[in-house]
1. Which of the residues spanning the stretch 47-86 are without any contact (Cβ under 8 Å) to a residue 12 or more places away in the chain and hydroxyl-bearing (Ser, Thr, Tyr)?
2. So which of Gly98, Gly41, Gly32, Gly56 ends up being loosely packed, with under 15 Cβ neighbours inside 10 Å and among the small types (Gly, Ala, Ser)?
3. Hey, can you tell me all the residues within the stretch 252-293 that are free of Cβ contacts under 8 Å to residues at least 24 places away in the same chain, crowded, with 17+ Cβ neighbours inside 10 Å and of a type outside the set (Asp, Glu)?
4. Taking helices (runs of 4 or more DSSP H) that fall entirely within the stretch 5-108, which contain at least 2 residues that are of a type in the set (A, V, I, L, M) and more than 22 Å from Leu146 (Cβ to Cβ)?
5. Tell me, which residue of the stretch 294-304 that is free of Cβ contacts under 8 Å to residues at least 60 places away in the same chain and in a helix (DSSP H, G or I) is surrounded by the fewest Cβ atoms within 10 Å (Cβ to Cβ)?
6. Among the candidates Leu209, Leu178, single out the residue that is surrounded by 16 or more Cβ atoms within 10 Å (Cβ to Cβ) and not in a helix (DSSP H, G or I).
7. Please list, ordered by first then second residue, the pairs with beta carbon atoms under 7 Å, 6 or more apart or interchain, first in the stretch 200-218 and free of Cβ contacts under 8 Å to residues at least 12 places away in the same chain, second surrounded by 15 or more Cβ atoms within 10 Å (Cβ to Cβ).
8. Of everything in the stretch 237-251, what is part of a helix (DSSP H, G or I) and surrounded by 12 or more Cβ atoms within 10 Å (Cβ to Cβ)? Give them in sequence order.
Amino acid sequence: MQSILKLIRWKNLLLIVLTQLLIKYALFEPFGIDITLNGFGFSLLIIATVCIAAAGNIINDIHDVEIDLVNKPNKVIVGKHISEKTASNLFIMFNVIGVGLGFYLANLVGRNGLFSVFVIVSALLYVYATYLKGILIIGNLVISALVALSIIIVGLFDLLPVITENNQETQLTMFKILLDYSLFAFAINFLRELTKDMEDIDGDYKAGLNTLPIAIGRERTSKVIFALSLIPIAATIYYTVTYLYKQEIAVGYFLVAIIAPLVYVSIKSFSADSKKEYHYISNMLKFILLTGVLSLLLYPFILK
């Protein structure tokens, strides 16, 4: 069981669960927003999202065995603790559950077209693991977009089906907040993907992948990461000054828990030159994703 939990990246899946729960119960519920899904339906949405994400993690591990044997030999699961056949069966099982629940949910909310979201995400995760990961920048962009989609999908299923002329303004306001958070998640995860490429350059090179560090070198990629890290810093400062300036608690939280760590990561990325440092930066970016998600708890005070 422990090996399976590691295989599906349970900590990352918990972050998805936490994010979607906070959107529902810290952002939507306190303001009496018109919603589509009851507790049962929303639980199915979380399970469907998590199952497809777990399947993506599994297929990625299956195809990364050669790379992981170089980059992190002590953490290889497929072929050591779980057979490739078992991992493949788990991949199929999680996909079937996720896509099946997606079909049920799309019909439940009366928007059959939304079923395609689950099919496309499932397919993209497979194509990412088998092909896109080795293409310069494209793989990084795709996986970051899918992380952002795990936020937007809550709005698609919970807000979109009940939009009317009367509530359109309120619903769109919530959508805009979700979009802001999805863009933040996209930016932070993209930085993390590039940082992980720096960390995993040896195995990626051996496997013939064309990541940014392999294409332009470590030093130049460090400078690219540094430059790109300035974008979420500037965007978060703008967001804080524009929308939160009257809320001292919110401003303090964003400064201490999000902006300061981002500035720290930016400085560290400029001078980092070892695998250990890149691993530390990657973990810091994951921490920033968590603090960003937890800021949703402030909205009952921000929008009161």
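The values are calculated or read from the model by the stated rules, or taken from the named source; none is laboratory data. Owing to the predicted nature of the structure, the values given are computational and were not obtained by experimental measurement. Every residue, glycine as well, gets a Cβ built from its backbone with ideal geometry; the counts of neighbours run over all protein chains shown.
1. If the condition is that a residue be without any contact (Cβ under 8 Å) to a residue 12 or more places away in the chain and hydroxyl-bearing (Ser, Thr, Tyr), then Ser83, Thr86 are the ones that fit.
2. Working: Gly98 fails: loosely packed, with under 15 Cβ neighbours inside 10 Å; Gly41 fails: loosely packed, with under 15 Cβ neighbours inside 10 Å; Gly56 fails: loosely packed, with under 15 Cβ neighbours inside 10 Å.
Just a single option satisfies the conditions, and that option is Gly32.
3. Listed by number, the residues that qualify are Lys268, Met284.
4. Fully inside the stretch 5-108 and qualifying: 65-71.
5. Filtering first and then ranking leaves Phe301.
6. Working: Leu178 fails: not in a helix (DSSP H, G or I).
Exactly one of Leu209, Leu178 is surrounded by 16 or more Cβ atoms within 10 Å (Cβ to Cβ) and not in a helix (DSSP H, G or I), namely Leu209.
7. Hits for this filter: Tyr205/Ile214.
8. So the first thing to find is which residues in the stretch 237-251 are part of a helix (DSSP H, G or I), and the list is 237-243, 248-251.
Listed by number, the residues that qualify are Ile237, Tyr239, Thr240, Tyr243, Ala250, Val251.
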